[in-house]
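Presented below is the structure to which this report refers.
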Amino acid sequence: MMLERAFGGRRVLVTGGAGFVGSALVRRLIESGARVTVLDDLFTGRRDAIPTGAEFIEGSVTDEPLVFDLVKRHTLVFHLAARNIIASTANPRDDFKTNIGGTLNVLLAAREFNTERVVYTSSASVYGNPRSIPINEDDRLVPLTPYAVSKLAGEHYCVAFYEGYGLPVSVVRYSNVYGPYQRPENPYCGVVSKFLIAANSGQRLCIHGDGGQTRDFTFVEDAVDATLLAATHPRAEGEVFNVGTGVETSVNDMATAVGRACGREIVVDHIDRRDIDNIRRRVVNIEKIRHMLRWSPQTTLDRGLEATVSWFRETGLLPTEAQAGGCGPAAEPVSGSKVG
Ligand SMILES: NC(=O)c1ccc[n+]([C@@H]2O[C@H](COP(=O)([O-])OP(=O)(O)OC[C@H]3O[C@@H](n4cnc5c(N)ncnc54)[C@H](O)[C@@H]3O)[C@@H](O)[C@H]2O)c1
């Protein structure tokens, strides 16, 4: 009901709305009566993920005239379009063009057309290896990947446009979002989807490193709730919020939890650490968003995994053992990659 009051009848632009989090956000906006346009170049997004009722424009946030034309026709902008950590590590220049250049285009257009609020989705990867945990928003920022650099640059532009031009922006720093619609065939999808596929096909799970690396895993609907609040709450303007659970979970514990959710026993193999796995521990402090926006996560890891498993089963995404391959040298391992 409150969401209907906030978004009903409003024209909302969602960049990256064909992606995992973006499509979940679009779904909620449409349910709330918003008139939603999705701008997405389908780099990792999928046309069939875009909820019915949204207008779809296939194009890039790097296309400045297109961004200006779209922002002009909307009052709210959720800017999620981004090259992900793996694509960014492989091609930092492409990441720069989308994650920094695309964000600047969105902000310049929003300034030009007096957009009522821009919400920018950043990442807890901006913290690098924290000195202490849980990580507060004003702790030291040490981006360790080109992706973290570009996400942080986007944040800085947002804050600068708020301070310098009075543009109403809010930033949410997500921490390892998982849930339904995170498609496992996307090579960049997160560790949860990959583990689910492996667990359900009876495969051994491959984990990069010793599995002791920790993350704060956030259920997608909780992340969407926080994002919607950041768009509407008066106290969110010009602010940066951690969005997580405050609960630290090791990748090994996640493997066990996935097994529990599937009702399977999981066997883990530890394989080489990768370049992007350079963050040892991460759990964020969510007191700021809890206090200022009255948001708190509603979904425990077990409940979130149950919902994710149900979606995988309903959509028939769980492969047979033969389709999924094995963990041996001849097959592509199902690995605990992208803990971001
Ligand atoms: N999923 C997570 O765990 C997580 C964690 C931290 C931050 N984030 C941030 O949340 C946002 C959404 O991430 P996601 O997990 O849904 O990823 P995703 O890859 O599923 O979604 C990103 C979307 O952006 C689109 N896109 C990429 N480049 C584009 C371009 N140049 N122009 C237009 N569209 C483009 C992709 O096609 C895709 O649909 C991103 O900004 C990401 O940095 C996600």
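Values computed for the structure shown
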read-out	value
Top-ranked residue of region 15-36 - restricted to ones that are crowded, with 20+ Cβ neighbours inside 10 Å and of a type in the set (Val, Ile, Thr), ranked as farthest from Glu55 (Cα to Cα)	Val21
Residue match in region 219-236 (condition: of a type in the set (Lys, Arg) and not in a helix (DSSP H, G or I))	no
Val12 vs. criteria surrounded by 21 or more Cβ atoms within 10 Å (Cβ to Cβ) and either among the polar types (S, T, N, Q) or within 14 Å of the ligand (Cβ to nearest atom) (or both)	no
Single residue of Leu25, Leu42, Leu70, Leu66 found to be on the phi > 0 side of the Ramachandran plot, among the aliphatic types (A, V, I, L, M), at pLDDT 95 or above and assigned by TED's automatic domain parsing to the domain that holds Lys97	Leu42
Lone qualifier among Val243, Val224 - being surrounded by fewer than 24 Cβ atoms within 10 Å (Cβ to Cβ) and either aliphatic (A, V, I, L, M) or more than 17 Å from the chain's Cα centre (by Cα) (or both)	Val224
Contacts under 6 angstrom Cβ, first residue in region 95-121 being in the same structural domain as Leu70 (by TED's automatic domain parsing) and in a helix (DSSP H, G or I), partner crowded, with 19+ Cβ neighbours inside 10 Å and among the charged types (D, E, K, R), 6 or more apart	Asp95/Arg83; Thr98/Arg83; Asn99/Arg83
Residue pairs meeting the criteria (Cβ under 7 Å; at least 6 apart or on separate chains; first at positive phi and touching a residue at least 12 places away in the same chain (Cβ under 8 Å), in region 196-225; second in a loop (DSSP other than H, G, I, E, B) and among the acidic types (Asp, Glu))	Gly209/Asp277
Scan of region 195-218 for residues that are within 16 Å of the chain's Cα centre (by Cα) and outside any loop (DSSP other than H, G, I, E, B), ordered by number	Arg215, Thr218
Positions within region 23-58 being within 7 Å of the ligand (Cβ to nearest atom) and either aromatic (Phe, Trp, Tyr) or within 23 Å of Asn114 (Cα to Cα) (or both), in sequence order	Leu39, Asp40, Phe43
Lone qualifier among Leu66, Leu80, Leu108, Leu76 - being surrounded by 23 or more Cβ atoms within 10 Å (Cβ to Cβ) and more than 8 Å from the ligand (Cβ to nearest atom)	Leu76
Subset of region 83-95 [more than 11 Å from the ligand (Cβ to nearest atom) and buried (at least 16 other Cβ atoms within 10 Å of the Cβ)]	Thr89, Pro92
Filtered residue count, region 119-165, keeping only those that are within 14 Å of the ligand (Cβ to nearest atom), farther than 30 Å from His74 by Cα and of a type in the set (Val, Ile, Thr)	2
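Conditions (1) closer than 14 Å to Gly244 by Cβ; (2) small (Gly, Ala, Ser); (3) away from the ligand (no atom under 11 Å from the Cβ), marked per residue:
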site	(1), (2), (3)
Ser170	no, yes, yes
Tyr178	yes, no, no
Asn186	no, no, no
Cys189	no, no, no
Lys194	no, no, yes
Gly202	no, yes, yes
Ile207	no, no, yes
Gly212	no, yes, yes
Asp216	yes, no, no
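The values are calculated or read from the model by the stated rules, or taken from the named source; none is laboratory data. Source: prediction; values computed, not measured. Every residue, glycine as well, gets a Cβ built from its backbone with ideal geometry; the counts of neighbours run over all protein chains shown.
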